[in-house]
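Asker: One structure, as structure tokens, below. Some questions next.
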Amino acid sequence: MKCKTCPGKAVIDIRRHNAAFCKDCFIVHAERQIERTIEGDKMLSKDDRVLVAVSGGKDSLTLWEVLRRLGYHTTGFHIVLGIDHYSPQARATVEGYAKKNGLPLIVTDVKEEYDFSIPELAEYTRRVPCSACGLSKRYLMNRTALQGGFSVLATGHNLDDAAATLLGNLLHWQTPQLGRMGPALEATHPKLVKTVKPLVRLTERETLAYAMLRGIDYHDDECPNAVGATSLFYKDLLNQLEYASPGAKQSFYFGFLKKGRPAFLAAQTDGVELKECEACGQTTTTETCAYCRMMDLARRTAAARSR
Amino acid sequence: MKVIVRRPRREVEMPGSRRVRDLLQELKINPESVLVVRGQELLTPDELVRDEETVEVVPAISGGSAHEV
């Protein structure tokens, strides 16, 4: 297979673009896609202080690598989840990347700072681990960005993530979430930080190829709690569609943003006004935010068990 | 040829040479969800893998809370 843009030998085919690229041309292609997304959706400016959420996997490190190369002012943010062998390796990977590239990094260890690891939180609150983890991450990312004076929070979500989330939200008619599905969400409250997803035009397979071709030392292990996760099932379904009909994922997600999302914009807040949590000051639609309620339940359960 | 599949890790011996697209089809693996590598080299579907070679099928898809949008 030949490269679409030069006489070189291709290393990756991208069927939805009816194209194949050699190493150098693919890297240029991927970085242009990301740059185009950042500019098209007005995600970032060179004056922004960007907090980049980095788990240590291929997507988040690809994001940090490209933002660094494009000249944005970035600081990494890594959350140590306290998951057996997985978390120490993820942390070492992120710290290694930051050190190698001379980039600032903020690390929050949930067990050290908030008393419970993610598996403990899940157990004490009877949540599935991915639920406790997702809630903790969203809370800590926004809070850390606010406290550090960052203007934007960037995450490494790719096209597969976006399409799978859209499928899940549609299957359950989660209308507020459907209104918030965009790749760039402006801060709608003084206690919320703008969030952006610059990788949303790349599939997960393409971010993997970018990470491998750039020689990024990413953390390759799957989180043990993700085995059997619904998101994996949705991604598998969507990739079956993609195989039969190249471009299906892109058409599904970007078609929704253009033609479907406007109908759900008004449902974003479900008519409920955002206010500040009486315990921590972060945004919530109830008196106490979901994170504080989860932590309170975990503390009470732990105390009851220790009696 | 030897094919190493990750997550869960397994090794498959396949006699003879074949193209990447054919080996994925025989293993019932969707090409949209993986990359196939020989050493450090990424392989396109038309690439021929010879009997004496080893290739690795690297999964691209991961899940869990990190991937919720």
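The values are calculated or read from the model by the stated rules, or taken from the named source; none is laboratory data. Nothing here was measured: the structure is a model prediction, and the numbers come from that model. Methodologically, a virtual Cβ is constructed for each residue, glycine included, from the backbone with ideal geometry; neighbour enumeration extends over all protein chains shown. We work out accessible area using only protein heavy atoms, side chains counted, and drop any ligands, DNA or RNA first. Shrake-Rupley method; radii C 1.70, N 1.55, O 1.52, S 1.80 Å.
Asker: Using only the alpha carbons of segment A:105-207, what is the convex hull's orientation-averaged projected area in square nanometres?
Answerer: The directionally averaged projection comes out at 8.0 nm².
Asker: Continuing with this model, one more query. Between A:144, A:286, A:195, which gets the highest mean-square fluctuation from a Gaussian network model of chain A, Cα cutoff 10 Å?
Answerer: Between A:144, A:286, A:195, it is A:286 that shows the largest mean-square fluctuation.
Asker: Roll a 1.4 Å probe over the protein heavy atoms and report the accessible area of residue A:21 in Å², nearest 10.
Answerer: Spelled out: residue A:21, probe radius 1.4 Å, area about 10 Å².
Asker: Taking the Cα centroid of segment B:26-65 and of segment A:158-233, what is the distance between the two, rounded to the nearest whole Å?
Answerer: Comparing the Cα centres of segment B:26-65 and segment A:158-233, I get a distance of 23 Å.
Asker: Compute the acute angle (0 to 90°) between the alpha-carbon long axis of helix A:204-213 and the principal axis of greatest extent of the alpha-carbon atoms of chain A; round to the nearest 10°.
Answerer: So the inclination is approximately 70 degrees.
Asker: Hey, another quick one. Under a 5 Å amide H to amide H cut-off, with H placed in plane at 1.01 Å, what residues pair with residue A:80 once short-range neighbours are removed?
Answerer: Under 5 Å from the amide H of residue A:80: A:108, A:109, A:110.
Asker: If one puts a single equal scatterer on every Cα of segment A:1-135 and applies the Debye formula without solvent, what log₁₀ I(q)/I(0) results at q = 0.11, 0.14, 0.19, 0.21 Å⁻¹?
Answerer: -0.57, -0.81, -1.07, -1.15
Asker: Using DSSP, restrict attention to beta bridges with both residues in the protein assembly as shown and report what percent are antiparallel, rounded to the nearest 5.
Answerer: In the protein assembly as shown, DSSP labels about 50 percent of beta bridges as antiparallel.
Asker: Still on this model: Using only the Cα atoms of segment A:205-307, build the gyration tensor, take square roots of its eigenvalues as a ≥ b ≥ c, and label the shape rounded, prolate or oblate: rounded if a/c is under 1.5, else prolate if a/b is larger than b/c, else oblate.
Answerer: oblate
Asker: Any idea what angle helix A:86-101 forms with the longest principal axis of chain A, computed on alpha-carbon atoms, 0 to 90 degrees, nearest 10?
Answerer: Helix A:86-101 sits roughly 60 degrees off the main axis of chain A.
Asker: Now for a different question. Hey, what angle do you get for helix A:230-244 against the long axis of chain A, alpha-carbon based, 0 to 90 degrees rounded to 10?
Answerer: The helix A:230-244 is inclined about 20 degrees to chain A.
Asker: Can you give the Rg and Dmax of segment A:39-306 based on its C-alpha atoms, in angstrom?
Answerer: 18.5, 56
Asker: About the Cα centre of chain A, how large is the charge dipole given +1 on each Lys and Arg Cβ and -1 on each Asp and Glu Cβ? Please answer in debye to the nearest 20.
Answerer: 620 debye
Asker: Once Rh for segment B:2-59 is found with the Kirkwood sum over Cα pairs, what is the Stokes-Einstein diffusion coefficient at 20 °C and 1.002 mPa s, in µm²/s?
Answerer: 192 µm²/s
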